[in-house]
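Enquirer: Could you have a look at this structure, given as structure tokens, before my questions?
The values are calculated or read from the model by the stated rules, or taken from the named source; none is laboratory data. Values in this document were obtained by computation on a predicted structure and should not be read as measured data. Cβ placement follows ideal geometry from the backbone for every residue including glycine, while neighbour counts extend to all protein chains displayed.
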Amino acid sequence: MTERPIRPTRAEPPDIVELKALRVAQPELAPAIDMQIALVDMQRRVQSRVPLPWIQVDPEWLRAQHQAGRPIVRFRDLPIEWTDFRLALRQTADILLRFEALERADYDQIVALGREGNALEPIVAQWYDRTSGLAESAPPPAEAPAGLDHVLVLALRPFLARSTESLSQQIDLAAWNRGLCPFCGWEPDFAVITPSADRRLICGRCVAQWTFPPLDCPFCGNSDRAQITSFATRDGRYRVYGCDACHRYLKAYDARNATRPVMVAVDSIATLPLDAAAMQRGYK
Ligand SMILES: [Zn+2]
Ligand SMILES: [Zn+2]
């Protein structure tokens, strides 16, 4: 056996570089940043193995889905290689446990689910159908471990993101006017204000983006501007929109005067102090 040569360190991806810089600038965020780096790194490794699927979309069907407000990625469209998914599930749970974002008892249950040969697939399929609004499905099982949703969102992301990548090349989203993700039906959990002052919402599950009226609430549809409270950080980099009808809020990266594009993995962590500020004002 010959010894393997030591690999030269490759250039780090820009979001990891930014996260490390953020850790220096705001050391109080270090635990959240370290967890994010571990998650981003794991998801990138899994996603690099997921083939780009070719999802055929019939234009008539697409029009009908858009009109009915239904997303377009069906579970069967996802390029899931179950060995890879099990690994993603296990590693996600490991990371959340390590950073105390998951209780040990729930971790044990989730990891056991991943090991059981036939149990996992229907659980993930039913969860996706239920949470995408794509199909009628059974209510969530009462005995599901706490934190399972969180783990599934993160573990499925590499597979969903590949599907979205494939679809966004062939699909026109101009007819989509909903607050939910046009691809997977999940809620936005971040937004970006573009240099042309549009607001693009970013899906909290598949990270797809879609344009939405800048001052409407994506959660309840409230479009009364008097009922939207919006405030920016002192440096103008980020903005929060609070809805005074449903009391939910959304954070955004303002790219109008920015030196880099939005990076959800970084900006969602950099704005953790804004969550506290929003909650102090009564938003959730
Ligand atoms: Zn989505
Ligand atoms: Zn609202």
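Enquirer: Condition check: away from ligand 1 (no atom under 16 Å from the Cβ) and among the β-branched types (Val, Ile, Thr). Does residue 194 satisfy that?
Expert: yes
Enquirer: Let me ask something else. Search segment 122-144 for residues being charged (D, E, K, R) and more than 21 Å from the chain's Cα centre (by Cα), and hand back the single one that is modelled with the lowest pLDDT.
Expert: My answer is 136.
Enquirer: Right, here's the next one. Assigned to a helix (DSSP H, G or I), under 29 Å from residue 13 (Cβ atoms), more than 16 Å from ligand 1 (Cβ to nearest atom) and out of contact with any Pro (no Cβ under 7 Å at 6 or more places or on another chain): does that describe residue 46?
Expert: no
Enquirer: So residue 37 ticks every box in (1) at pLDDT 95 or above; (2) out of contact with any helix residue (DSSP H, G or I) (no Cβ under 8 Å at 6 or more places or on another chain); (3) under 23 Å from residue 157 (Cβ atoms) but one. Which box is left unticked?
Expert: The one condition residue 37 does not meet is (2).
Enquirer: I would also like to ask the following. Considering each residue of segment 204-237, count those that are under 28 Å from residue 156 (Cα atoms) and away from ligand 1 (no atom under 16 Å from the Cβ), and give that number.
Expert: So the answer is 3.
Enquirer: Does at least one position in segment 179-188 carry a residue that is at pLDDT 90 or above and more than 16 Å from ligand 1 (Cβ to nearest atom)?
Expert: no
Enquirer: Looking at 216, 267, 235, 244, can you tell me which residue is among the acidic types (Asp, Glu), touching a strand residue (DSSP E or B) at 6+ places or on another chain (Cβ under 9 Å) and surrounded by fewer than 18 Cβ atoms within 10 Å (Cβ to Cβ)?
Expert: The unique qualifying residue is 244.
Enquirer: Given 70, 63, which one is touching a residue at least 24 places away in the same chain (Cβ under 8 Å), more than 23 Å from the chain's Cα centre (by Cα) and in the same structural domain as residue 132 (by TED's automatic domain parsing)?
Expert: None of the other options fit; the residue is 63.
Enquirer: Here's another thing I want to ask about it. Restricting to segment 219-232, give me the number of residues that are small (Gly, Ala, Ser) and either buried (at least 17 other Cβ atoms within 10 Å of the Cβ) or within 28 Å of residue 40 (Cα to Cα) (or both).
Expert: Looking only at that region, the number is 1.
Enquirer: Being closer than 21 Å to residue 256 by Cα, modelled with pLDDT of 95 or more and of a type in the set (Lys, Arg) narrows it down to one of 157, 239, so name that one.
Expert: Of the residues listed, the single one that is closer than 21 Å to residue 256 by Cα, modelled with pLDDT of 95 or more and of a type in the set (Lys, Arg) is 239.
Okay, residues lined up against (1) touching a Cys at 6+ places or on another chain (Cβ under 8 Å); (2) of a type in the set (Val, Ile, Thr); (3) within 30 Å of residue 173 (Cα to Cα):
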{"position": "14", "(1), (2), (3)": "no, no, yes"}
{"position": "35", "(1), (2), (3)": "no, no, no"}
{"position": "57", "(1), (2), (3)": "no, yes, yes"}
{"position": "71", "(1), (2), (3)": "yes, no, yes"}
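Enquirer: Pick out the one residue from 191, 174 that is without any contact (Cβ under 8 Å) to a residue 24 or more places away in the chain and either under 30 Å from residue 59 (Cα atoms) or surrounded by 17 or more Cβ atoms within 10 Å (Cβ to Cβ) (or both).
Expert: 174
Enquirer: Could you list, in sequence order, all residues of segment 242-282 that are within 16 Å of ligand 2 (Cβ to nearest atom) and part of a helix (DSSP H, G or I)?
Expert: Across segment 242-282, the qualifying residues are 278, 279.
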